[in-house]
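Reviewing the structure listed below.
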């Protein structure tokens, strides 16, 4: 346990208050994993916490105070019971309490309803486990606290969290809890895009996201949260015998290295255009349709714009075909079309797509294309206007061209000439070429 957490607990005890660590940090410690967020619970009311910890911040109605200790910030929450979950997400009313067991009773799963600490006057720290969460940790089982139907009706996000925890922590959802998720899956429509995105991000960071994604499909959550993916079920793929398009997608996601989250997200969405183009060729133009759908999905999930743009670009270009008779200019045009900053990600996506199709990662000449791209980039080739030997100002000064679309067209044509033949990237040469283009326009 971090020294900062110990310091907060000792200060609470010294001021006559109970102090316990609760939730995910206790669970992960018992699972033998490195805990990330250490949250505390106490009988001290928020105003009392602000007095005990000068400089702490309290900006909510749920009793959670953010306390900075050293270089870390921890959340300290007053024991509470929750009432009236009318919107399927947050309690409309909370009631502060003095009993850690009642506080644990409001939590989602038994493995999260364990506390470690003590009352201010107790002689030693104890593990408080009123719902046999320790036994479920030992069995690697995820079970709702009390009635699972009631837990998920209170907060629909708990169903999404269950799927994510099962995948990330390698837990098995016990039958009654799993049945309740299936029964109440439609309530997930009440969960905000930001919350779904946060859970999806954590799921995609797991060693095998397909475990959680299949659980989403099997419970009906996928139909509610990502219907574009659910539509892939049953769509024939003709790549791996007995597997459909959704199987291919999930294989592809698993094949992307865990340290490439944007590529994993692109792998998840790379074929969302196929169900709508199944009769077109089949799947003709699915990368164009898919890019449009991917953008809509990510906007719905409130994904940051930078990540959205990167994913959409990867989906749009993932169907490239390399021919060994490409000239060097063809390789340069490929880099220009995709973008220098996206080439490595696109190759990673193609590798995953290949694995998901049951062929070697470097199939279809990918290793050769990668080598040729690397060679072109090492040669510092010109791939955009910024690296041309002339600029718009030069053409305006030397040739009397006014600013406007015509100037832009000439610069684009000069760029195309230089991509085809890099030796043309000389100021005098480009001015002559531009002058001849003007003559042809007259």
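Any read-out appearing in this document is the output of simple, stated calculations on the displayed coordinates, not a laboratory observation. Here the structure is a predicted model, which is why all the values come from computation and not from measurement. Cβ atoms come from the backbone with ideal geometry, glycine included; neighbour counts cover every protein chain shown.
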Check your understanding: Using the C-alpha atoms of region 3-136, what convex hull volume per residue, in cubic angstrom, is computed?
Key -> 115 Å³
Revision key, fill the gap. The helix 405-420 Cα axis meets the longest alpha-carbon principal axis of the chain at an angle in degrees, between 0 and 90 and rounded to 10, of 90 degrees
**Study point:** Spin-label model distance (nm) - residue 58 vs residue 409, 7 Å beyond Cα toward Cβ
**Key:** 6.9 nm
Revision key, fill the gap. A student applying the Cα gyration tensor rule (rounded when a/c is under 1.5; otherwise prolate if a/b is larger than b/c, oblate if not) would label region 140-225 oblate
Study note, to complete from the structure: 1/(1 + (r/R0)^6) with r = Cβ-Cβ of residue 75 and residue 233, R0 = 41 Å, i.e. FRET efficiency to nearest 0.05, evaluates to 0.55
Study note, to complete from the structure: In this structure, the FRET efficiency calculated for residue 326 and residue 218 from their beta-carbon separation, with R0 = 56 Å, to the nearest 0.05, is 0.80
Check your understanding: Between residue 371 and residue 397, what length comes free when the chain is fully extended (0.36 nm per residue of separation minus the Cα-Cα distance, one decimal in nm)?
Key -> 5.3 nm
Practice item. Could you compute the FRET efficiency for residue 3 and residue 132, with r as their C-beta to C-beta distance and R0 at 30 Å, rounded to 0.05? Key: 0.45
Study note, to complete from the structure: Shape call for region 324-442, from the Cα gyration tensor axes a ≥ b ≥ c (a/c under 1.5 means rounded, otherwise prolate when a/b beats b/c, else oblate), comes out prolate
Study note, to complete from the structure: Quick note, region 204-303: a/c under 1.5 would make it rounded; otherwise a/b > b/c is prolate and the rest oblate (a ≥ b ≥ c, C-alpha gyration tensor); here it is rounded
